[in-house]
Amino acid sequence: MNAKKIRAVYFHLSVTLILYGFISLNISNLQTPFGSEEGRYVDSVDSYSEGIVRNKVIDDFENSGKSSDGFLVTHPDFDKKDYSYKKEGNLTYLSQFGLQGRVDSMIAKSFQVDTPAESEHLFKVLRELNAFLLSATLALFVTAVAKEFGFWQALLVGLSFCVTNGIILFAKNLYWVAFTDFLPFCVFWLFYPKMRNRHLLVSVTAVGLMLFKSLNGYEFLTSITLSMLVPIIYYEFKDGKGFRFILLKSAYFLCLCVVGFLFALATHLVAASWHIGSFGEAVKIVWARIVERNLTYIPLPVMRYLKQNVYTLPLVNRGLGFYWIVLLMVVFYPIYKHVNRYKFTGIDLLLVCSLVSTMSWFVFGFQHIAWHYWVFYLTVNLCFLPIVTLFFADLIVSKVKIPAPIVV
């Protein structure tokens, strides 16, 4: 390993540990109304969804996994103050394959966890593991920014992650396993420039990442798919490739993502049919959930989302609403264009693509966001906010012109 690679590894590890410290400590004590204030778990958001993962793990050692056949476990009588496991009346959650619950259950078995008290200790460890994996994933993007744009831009982007509500709120949740949502975006940002000419490797990576994400849940799939295209489009544009080439390559990668999704869906349906005893019934259950979540109209409370804080400063607990991001973009984007003599740059392309990526879930999954308003925090962070932060960081650094150390 040469000196450059050693520096990159050291930089990535350093960023990972710093991010993990901020995310794990949650200095500003961020929470939503549906979480720490009402739920029984020491959680930041959505205790109910985490509860169905916890219940799956407990159900496995209570019933040897026979009642759920590996799927997550819910109960019709849960309320916001108690999501504890109930021995009677449990229901199998068939809306997704539930890889996160299966993995957590395997870990519990490997450590011979077989009592509720022991499982509570395990869940705390698993939550910290989720936070660490998310930190390591985001550090990939910070490292890529350092390589492509410079140290100061990377520093500002990394610091923004430390105070981003959507990241801190969802980092530990055992259901959301947030690192799987950011993994395709971050992996391609860092590694695509090196493996772009190795077509088989790139194809397998794209399919594998989408398969892995889909097995952990179908939420945000359009945003995650398009977020993976953002670095691909950027680097091809930077190398002077034409619009037709970029369009065809994007279409190819979209097909790869669809293949990964279809593999996951097939796995899900086969497992569900094994549990139910009928493949046709499994298809009906999954299709009913698609109609319920994606094809039923529910008004989106737009103003409510605009007022949500997307950043919160530690200790002082002062937040920055999403509408401020919109206003700042309106003010500073024309300045950026004037500085660059109104040329269409790579940053312009990133802003457009990141906006399309994030907004795609507001279009395709608007019922999902309307029902579960707290997922707004995560949705806007999947691509848009990191790129907007990079835009502001690059604009500031280009004006200040401070010499940057070479770290990667």
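The values are calculated or read from the model by the stated rules, or taken from the named source; none is laboratory data. Not measured: the values here are computed from a predicted model. Glycine gets a Cβ as well: all are built from the backbone with ideal geometry, and neighbour counts include every protein chain shown.
For residues that are within 15 Å of F188 (Cβ to Cβ) and either touching a helix residue (DSSP H, G or I) at 6+ places or on another chain (Cβ under 6 Å) or among the β-branched types (V, I, T) (or both), tally how many sit in the stretch 212-229.
Here is the first cut: in the stretch 212-229, the ones within 15 Å of F188 (Cβ to Cβ) are 212-213, 223-229.
Next cut, either touching a helix residue (DSSP H, G or I) at 6+ places or on another chain (Cβ under 6 Å) or among the β-branched types (V, I, T) (or both) only: 213, 223-229.
Counting residues in the stretch 212-229 that are within 15 Å of F188 (Cβ to Cβ) and either touching a helix residue (DSSP H, G or I) at 6+ places or on another chain (Cβ under 6 Å) or among the β-branched types (V, I, T) (or both) gives 8.
Could you identify the single residue in V230, V187, V202 that is assigned to a helix (DSSP H, G or I) and more than 17 Å from the chain's Cα centre (by Cα)? Even if it seems obvious, please write down each step before you answer.
Numbers: V230 fails: more than 17 Å from the chain's Cα centre (by Cα); V187 fails: more than 17 Å from the chain's Cα centre (by Cα).
Exactly one residue qualifies, and that residue is V202.
Could you tell me which residue of the stretch 207-230 is nearest to F362 (Cα to Cα), considering only residues that are of a type outside the set (V, I, T) and touching a Cys at 6+ places or on another chain (Cβ under 9 Å)?
Only one residue fits best here, namely S223.
Looking at the stretch 165-183, which of the residues that are in contact with a Lys or Arg (Cβ under 8 Å, 6 or more places away or on another chain) and either outside any helix (DSSP H, G or I) or aliphatic (A, V, I, L, M) (or both) is surrounded by the fewest Cβ atoms within 10 Å (Cβ to Cβ)?
L183
Which one is surrounded by the most Cβ atoms within 10 Å (Cβ to Cβ) among residues in the stretch 94-136 that are of a type in the set (F, W, Y) and assigned to a helix (DSSP H, G or I)?
The selected residue is F123.
At pLDDT 70 or above, outside any loop (DSSP other than H, G, I, E, B) and not hydroxyl-bearing (S, T, Y) - does that describe any residue in the stretch 75-88?
No, the stretch 75-88 has no match at all.
Name the pairs: first residue in the stretch 346-357 and farther than 19 Å from K241 by Cβ, second residue of a type in the set (K, R) and outside any helix (DSSP H, G or I), Cβ to Cβ under 9 Å, at least 6 apart or on different chains?
As it stands, the answer is none, since no pair meets every condition given.
Among (1) in contact with a Gly (Cβ under 9 Å, 6 or more places away or on another chain); (2) buried (at least 24 other Cβ atoms within 10 Å of the Cβ), there is one condition C162 misses while meeting the rest; what is its number?
All conditions pass for C162, except number (2).
What's the number of the only condition in (1) at pLDDT 90 or above; (2) under 27 Å from T345 (Cβ atoms); (3) surrounded by fewer than 20 Cβ atoms within 10 Å (Cβ to Cβ) that M195 fails to meet?
Answer for M195: the failing condition is (1).
Based on this model, can you work out whether G346 counts as small (G, A, S) and at pLDDT below 80? Walk me through how you get there before you give the answer.
Details: small (G, A, S): yes; at pLDDT below 80: no.
When the stated conditions are applied, G346 does not pass them.
Is it true that G346 is among the small types (G, A, S), buried (at least 16 other Cβ atoms within 10 Å of the Cβ) and in contact with a Lys or Arg (Cβ under 9 Å, 6 or more places away or on another chain)?
So G346 does not fit the description; no.
Pull out all pairs, ordered by first then second residue, where Cβ-Cβ is under 7 Å, the residues are six or more apart or on different chains, the first lies in the stretch 117-128 and is under 19 Å from F170 (Cα atoms), and the second is surrounded by fewer than 14 Cβ atoms within 10 Å (Cβ to Cβ) and basic (K, R).
none
Return a yes/no flag: does the stretch 314-323 have any residue that is surrounded by 11 or more Cβ atoms within 10 Å (Cβ to Cβ), at pLDDT below 80 and part of a helix (DSSP H, G or I).
Within the stretch 314-323, one or more residues are surrounded by 11 or more Cβ atoms within 10 Å (Cβ to Cβ), at pLDDT below 80 and part of a helix (DSSP H, G or I).
Which of (1) in a helix (DSSP H, G or I); (2) surrounded by 15 or more Cβ atoms within 10 Å (Cβ to Cβ) is the odd one out, the single condition V408 does not satisfy?
The one condition V408 does not meet is (1).
Output the residue which, of all residues in the stretch 351-384 that are crowded, with 19+ Cβ neighbours inside 10 Å, in a helix (DSSP H, G or I) and polar (S, T, N, Q), is nearest to the chain's Cα centre (by Cα).
T379
State whether the residues of the stretch 143-161 include one that is of a type in the set (A, V, I, L, M, F, W, C), at pLDDT below 90 and not in a helix (DSSP H, G or I).
Checked against the condition, which is being of a type in the set (A, V, I, L, M, F, W, C), at pLDDT below 90 and not in a helix (DSSP H, G or I), the stretch 143-161 yields no hits at all.
Which of the residues that make up the stretch 181-203 are under 21 Å from S357 (Cβ atoms) and of a type outside the set (A, V, I, L, M)?
D181, F182, P184, F185, C186, F188, W189, F191, Y192, P193, R196, S203
Run Y20 past the list (1) at pLDDT 75 or above; (2) under 30 Å from A266 (Cα atoms); (3) among the aromatic types (F, W, Y) and report the number of the one that doesn't hold.
(2)
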